[in-house]
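Worksheet for the structure shown next.
The values are calculated or read from the model by the stated rules, or taken from the named source; none is laboratory data. What you see is a predicted model; the values in this text were computed from it and never measured. Glycine also receives a Cβ, built like all others from the backbone with ideal geometry; neighbour counts cover every protein chain displayed. When the accessible area is computed, the model is the full protein with side chains, heavy atoms only, and any ligands, DNA or RNA have been set aside. Shrake-Rupley method; radii C 1.70, N 1.55, O 1.52, S 1.80 Å.
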Amino acid sequence: MALHLSLLLLLLLLVYRISAGKVGYVSVQTGGSITFPCSYDQYYINHVKYWCQGLVWEVCSYVVRTDHPKSSGKTSISDDINKRIFTVTMTDLASCDYGNYRCVVEINGGTDFMIQRFYLSVTPGTPELYVEQQEVTGVEGGSVTVRCYYSNSGDMKWCRMGGDCVSGYSGTLHGTSVTLTRTSDANNRKALTVTMSGLKMENTDWYWCRVGELEMPVHITVSQQTATQRTSKMTSTTQDPTPQQPSASPTAEPVQTDNTSQGDEGNMEEVHQRSIDVKVLLISLGMLVVVTAGILVTWKMWRMPKDNKAKDQTTNNSVDPFPEADDDVTYSTVILQHKTQLKGQTKVKLFYWFSTASMLSETTVGDCFLSVNIVMVTSPL
């Protein structure tokens, strides 16, 4: 009897150990990857954390640890002590990787503390619940959309890790509006579409998309708006001060997202910048024409006195081949020649220079030819 009681207690203890802690069921396709987040209390910041695999707690073997090894084969671990979350990433999953895994905090001199337990299933076909990407980013004041594709049934929820959940069609999480919509795409995939609007910086965290007993972790990062995004928002508010009213009509056009506003603003800035470039080019060309004209006019005015002076010098330096009566003339080298040698012709040969002009004249005197060398002295300019 005592033996049966002992076995019963052992069995109950074993069942308790297996079911202890919250269990998350996750399904991944063969060859895929997944990241598991594990949140811990501030008292465990300086403790070693590890990821182990095993059906029961007593035989859970280490896979990776935050001290060593931080990576082993296809699995790696990292610890963010500021957010008090350590994450485990498993890649290139195979069917043999299925099973029970645990997030654990090591307690020196005591019993280790299990944070959460996951059951991972690896399927060759399409998982019953999956997302196209686990990392989603948004900007402060904007919105993000996550689509959780599912083929199972059950309650649908969007939960913040370690916090509240939104079910039904709408709700709020930390002051942020959340809407849940059931849709299907062209491939007849059923999807739970989650939209978070009016994002805040404190919305950066891990979230869980849950359908029935299956769940999938998604990390959302909210960043601050850039100057361009703030300008785009102010411009949109100025141009359309009337708030847009929601439409109940299924054919209503979708509300323009932040990304479209950012693209339009970028195009407007590009056109404005091109207009500024054209104006600058025209102004530069106009200034160049004015400066060139000024230089030409200045050069012309500067050259006019020199041209006039050069003309005066040319006029003054010209030598009259026939000296006036008042000029001093010196006759020398008088040669008499017979008139018949000239054949009845009179010749005059003039040679003159600009500084001292010497003029030789040949003329007829009586029956003889008189050759006179005339020296004419001119004063310099």
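Structure values in brief
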{"read-out": "Enumerated strands (runs of 3 or more DSSP E) restricted to the stretch 164-219, each holding at least 2 residues that are within 24 Å of Val23 (Cβ to Cβ) and either open to solvent by less than 30 Å² (accessible area, probe 1.4 Å) or among the acidic types (Asp, Glu) (or both)", "value": "190-197, 205-211"}
{"read-out": "Among the candidates Val59, Val131, residue that is among the hydrophobic types (A, V, I, L, M, F, W, C), over 39 Å from the mean Cα position of the chain (by Cα) and open to solvent by 20 Å² or more (accessible area, probe 1.4 Å)", "value": "Val59"}
{"read-out": "Residue match in the stretch 152-160 (condition: in contact with an Asp or Glu (Cβ under 8 Å, 6 or more places away or on another chain) and at pLDDT below 95)", "value": "yes"}
{"read-out": "Test: residue in the stretch 111-123 that is in contact with a strand residue (DSSP E or B) (Cβ under 9 Å, 6 or more places away or on another chain), β-branched (Val, Ile, Thr), open to solvent by 60 Å² or more (accessible area, probe 1.4 Å) and closer than 30 Å to Lys200 by Cα", "value": "no"}
{"read-out": "Residue match in the stretch 84-94 (condition: open to solvent by 40 Å² or more (accessible area, probe 1.4 Å), under 26 Å from Ser27 (Cβ atoms) and free of Cβ contacts under 8 Å to residues at least 40 places away in the same chain)", "value": "no"}
